[in-house]
Amino acid sequence: MNRVVGLYDRSVALIEGRVPEAFALLLLRIALAGVFWRSGQTKTVEGAFLTIDPVQYDLFASEFSGLPLDPVIAVPLTTYAEHIFPALLLLGLATRLSAGALLVMTLVIQLFVFPDAWWPVHSLWAAMAAILIVRGGGLFSLDALVARLRRR
């Protein structure tokens with residue numbers, strides 16, 4: 001039994017350092033960014049950079065009618081947020097702010113658009129965002145680089 005515990009302790013010691021955590025946080029940033037980026041891409045005209053597909057206004061008015069915002073405001077707000085915050089997450093720049101914004105979006109989607117999707121979809125998005133809010137972008141982020149430069 002002591003061998004098993006010792007092996008477990010050595011394994012934990014290997015993976016609990018800053019570098020393994022940095023890889024895990026990078027993977028988490030990529031995963032959460034990917035979810036929202038792909039959603040944002042469905043709202044734009046294919047082949048045009050951030051040009052909103054006019055169909056989205058009708059979709060928001062009919063399918064997403066529970067939103068407390070008029071589609072004229074909700075569509076561009078959502079489209080741009082689903083591009084800007086994931087891009088920032090990929091870079092690890094303003095990670096906590098970006099994850100917080102995506103957490104708010106997740107909660108809005110949960111409350112007003114797809115209230116039956118908490119488990120397993122929205123709960124996972126919320127958990128990913130919460131970890132990034134608490135832990136930040138990690139060692140492999142522009143946030144970490146900026147912090148190192150500010151300390152000089």
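The values are calculated or read from the model by the stated rules, or taken from the named source; none is laboratory data. Bear in mind that the values here come from a model prediction, so they are computed numbers and not experimental data. Counting neighbours? That spans all protein chains shown, and the Cβs are built from the backbone with ideal geometry, glycine included. Just the protein is used for accessible areas: all its heavy atoms, side chains included, with ligands, DNA and RNA removed. Shrake-Rupley method; radii C 1.70, N 1.55, O 1.52, S 1.80 Å.
Here Leu139 passes the criteria (1) outside any helix (DSSP H, G or I); (2) touching a residue at least 60 places away in the same chain (Cβ under 8 Å); (3) farther than 20 Å from Leu26 by Cβ; (4) not acidic (Asp, Glu) except the one numbered (3).
Output the residue which, of all residues in segment 44-94 that are of a type in the set (Asp, Glu) and part of a helix (DSSP H, G or I), is most open to solvent (accessible area, probe 1.4 Å). The selected residue is Asp58.
Within segment 1-58, count every residue that is more than 24 Å from Ala99 (Cβ to Cβ) and not aliphatic (A, V, I, L, M). Number of matching residues: 16. Within segment 18-43, residues that are open to solvent by 70 Å² or more (accessible area, probe 1.4 Å) sit with their Cβ atoms under 6 Å from residues that are at pLDDT 95 or above and assigned to a helix (DSSP H, G or I), at 6+ positions apart or across chains, in these pairs: Trp37/Pro86.
Of the residues that make up segment 121-133, is at least one over 14 Å from the mean Cα position of the chain (by Cα) and either within 19 Å of Ala81 (Cβ to Cβ) or of a type in the set (A, V, I, L, M) (or both)? Within segment 121-133 (the criterion being over 14 Å from the mean Cα position of the chain (by Cα) and either within 19 Å of Ala81 (Cβ to Cβ) or of a type in the set (A, V, I, L, M) (or both)), the answer is no, since none of the residues qualifies.
State yes or no: is Ile131 in contact (Cβ under 8 Å) with a residue 60 or more places away in the chain and open to solvent by 60 Å² or more (accessible area, probe 1.4 Å)? So Ile131 fits the description; yes. Counting only residues that are open to solvent by 40 Å² or more (accessible area, probe 1.4 Å) and in contact with a Leu (Cβ under 9 Å, 6 or more places away or on another chain), segment 104-123 holds 2 of them.
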